[in-house]
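The values are calculated or read from the model by the stated rules, or taken from the named source; none is laboratory data. Please read these numbers as outputs of a predicted model, since none were measured by experiment. Cβ coordinates were reconstructed from backbone atoms using ideal geometry, including for glycine residues, and neighbour counts include every protein chain displayed. Please note that ligands, DNA and RNA were not included when accessible areas were found on the heavy atoms of the full protein model with its side chains. Shrake-Rupley method; radii C 1.70, N 1.55, O 1.52, S 1.80 Å.
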Amino acid sequence: MTGICGLIGREVDDLESKAENLLSLMRNRGTTSRTFSRSLPSGEKIVLGVCNFAGTQSFADQTVPLALDGVFFRDDAGSNNAGPAGPSRLIRTPGAFAFLTLIQDQLIAGRDIVGQKPLYFGQTRDDVAALASLQSPLLSIGIREPEPVPPGKVIRTTARGYETLNDYSLKRPQEESILEPDATRTLDKLFTEAVGRIVPRGSGIAFSGGLDSALVAYVTKRLCLEPELISVGLKGQQELGHAEKTAKSFGLHVDISELSSSDILDSLPDVVQIIETTDPVIVGISVPIYFACQKAREMGLRYIAAGQLSDELFGGYGKFEEVALRDGTENLGREMFDSVIAASVKDFDPGDKLAVAAGLELCCPFAYLPLVDYALKLPSSLRVNLTNGKLIRKYILRRLAAHMSLPESVANRPKKAVQYSSGVQKVLLKEAKRRGTSLGKMLESFTR
């Protein structure tokens, strides 16, 4: 849980004060802060800033100043905050991170290849360029439209903008001829490796009993990681009973939070402020995550695991079914790859912000880079299977669940988006109708 910022501009622009302002507006990412500055021969200055809760990173102890938000996943099945030297080597390391550093009087920035940690860039009218973990602090210093730093790219920031130094972003690979049994065995190995390296012992799991969260829960149990399952939803939702039954079949207990309509509606101002968007789809998905994170905090947990990126990688969304039925698998691989790229903004940014605001770190084993690389090479027909007119989304994940002997009620359970399975979307739409407005306009009212 860390907030980072960096600025470059003229000496007279009082960049230290701007950095302190940025850090003060990221208090939910850390209440203790420190800055580092360097004056350049050109008359410009660079300032780095970091805030966190666990004892601020000390720039004085670093040969090369580094502001880091996130972790790297090491080969010894652990995670470590200390990354390998050099931005280009660092960014290719499996992990969830964003960083800012100063190399040869240049402000260098980057994010992990999947884009699991937020980092934004923008410029003021007086030629100050700034980066920060959140958008709203950048708005406060006069940056009108902060944009995300592209995942997987090492960029050099100047007062005039930024340029790409190295591009390690995801590229769509050629699909390979991989047979179903081989794919199932390899996915078992990679997913088990992912959970072991990403999910710490005693973590919470946002658990619906659906395919993705069930796989995470089952493998954490198999690895003896003592997970704490958390399920949230509108009181009376059938999914809560399914979650409890599935957890019991794994020999695990699930903590269930039943929400009222008032609970959901009362959370909207906080949710919209935290995730920094009023997009109805993103808000609908974020509300259940918000309550799961709040419950995890009440339980004294430090980490919460979730199934982010599974739907994008393995064809879980309804739109993939439409593409498959219309075009066969011809355009399906492209559609799924584009969704993986978009997940940084739509899934990881809001998920990370919600977790960090609750004092947690979000753990996403499906975003483990070796697993992502392998899944993208799978034939589209193994991810969305169309045989004799029958279509099965997330086909190979369902085969993996069967291979692991998960209950048929999990392996063959139809995909249902969290905003619907939790009952949140029904509440939001009903309230918007009561107010005589659209859902989008109702959500925008919480930003005023």
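Figures for the structure shown
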| read-out | value |
| --- | --- |
| Close pairs from region 8-33: first without any contact (Cβ under 8 Å) to a residue 60 or more places away in the chain, partner open to solvent by 80 Å² or more (accessible area, probe 1.4 Å), Cβ under 8 Å, at least 6 apart | Gly30/Phe53; Thr31/Phe53; Thr32/Phe53; Ser33/Glu20 |
| Residue that is hydroxyl-bearing (Ser, Thr, Tyr), touching a Gly at 6+ places or on another chain (Cβ under 7 Å) and farther than 18 Å from Ala243 by Cβ, where the choices are Ser405, Ser380, Ser445 | Ser380 |
| Gln106 being open to solvent by 30 Å² or more (accessible area, probe 1.4 Å), among the polar types (S, T, N, Q) and at pLDDT 85 or above | yes |
| Where a residue in region 146-174 is under 12 Å from Ala109 (Cα atoms) and without any contact (Cβ under 8 Å) to a residue 24 or more places away in the chain and its partner, wherever it lies, is of a type in the set (A, V, I, L, M) and open to solvent by less than 50 Å² (accessible area, probe 1.4 Å), with Cβ under 7 Å and at least six apart | Glu163/Ile155; Thr164/Ile155 |
| Residue list for region 400-421, restricted to those being assigned to a helix (DSSP H, G or I), in contact (Cβ under 8 Å) with a residue 24 or more places away in the chain and more than 19 Å from Gly236 (Cβ to Cβ) | Leu400, Ala401, His403, Ser409, Val410, Ala411 |
| Scope region 343-385; condition over 17 Å from Gln308 (Cβ atoms) and either open to solvent by less than 10 Å² (accessible area, probe 1.4 Å) or in contact with a Phe, Trp or Tyr (Cβ under 9 Å, 6 or more places away or on another chain) (or both); matching residues | Gly359, Leu378, Ser380, Ser381, Leu382, Val384, Asn385 |
| Filter result (open to solvent by 20 Å² or more (accessible area, probe 1.4 Å) and aromatic (Phe, Trp, Tyr)) within region 182-238 | Tyr218 |
| Among (1) of a type in the set (A, V, I, L, M, F, W, C); (2) open to solvent by 40 Å² or more (accessible area, probe 1.4 Å); (3) closer than 30 Å to Glu226 by Cα - the single one Ala305 does not satisfy | (2) |
| Meets criteria (touching a helix residue (DSSP H, G or I) at 6+ places or on another chain (Cβ under 6 Å), open to solvent by less than 60 Å² (accessible area, probe 1.4 Å), modelled with pLDDT of 95 or more and assigned to a loop (DSSP other than H, G, I, E, B)) for Pro118 | yes |
| Qualifying residue in region 384-394 (condition: part of a helix (DSSP H, G or I) and either touching a residue at least 24 places away in the same chain (Cβ under 8 Å) or within 28 Å of Phe72 (Cβ to Cβ) (or both)) | no |
| Every residue from region 251-269 that is out of contact with any Asp or Glu (no Cβ under 6 Å at 6 or more places or on another chain) and open to solvent by less than 20 Å² (accessible area, probe 1.4 Å) | Leu259, Ile264, Ser267, Leu268 |
| Matching entry among Ala367, Ala355 (being in contact with a Cys (Cβ under 7 Å, 6 or more places away or on another chain) and closer than 21 Å to Thr2 by Cβ) | Ala355 |
| Flag if Leu131 is part of a strand (DSSP E or B), within 22 Å of Asp347 (Cβ to Cβ) and touching a strand residue (DSSP E or B) at 6+ places or on another chain (Cβ under 8 Å) | yes |
| Ala432 vs. criteria free of Cβ contacts under 8 Å to residues at least 40 places away in the same chain, small (Gly, Ala, Ser) and within 22 Å of Lys235 (Cβ to Cβ) | yes |
| Subset of region 160-171 [closer than 24 Å to Val47 by Cβ and out of contact with any helix residue (DSSP H, G or I) (no Cβ under 9 Å at 6 or more places or on another chain)] | Arg160, Gly161, Tyr162, Glu163, Thr164 |
| Residue count for region 1-27, restricted to those that are open to solvent by less than 60 Å² (accessible area, probe 1.4 Å) and part of a helix (DSSP H, G or I) | 10 |
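Residue by residue, here is whether (1) within 17 Å of Ala296 (Cβ to Cβ); (2) in contact (Cβ under 8 Å) with a residue 40 or more places away in the chain holds:
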residue	(1), (2)
Pro181	no, no
Thr186	no, yes
Glu193	no, yes
Ala206	yes, yes
Gly210	no, yes
Lys221	no, no
Glu226	yes, no
Gln238	no, no
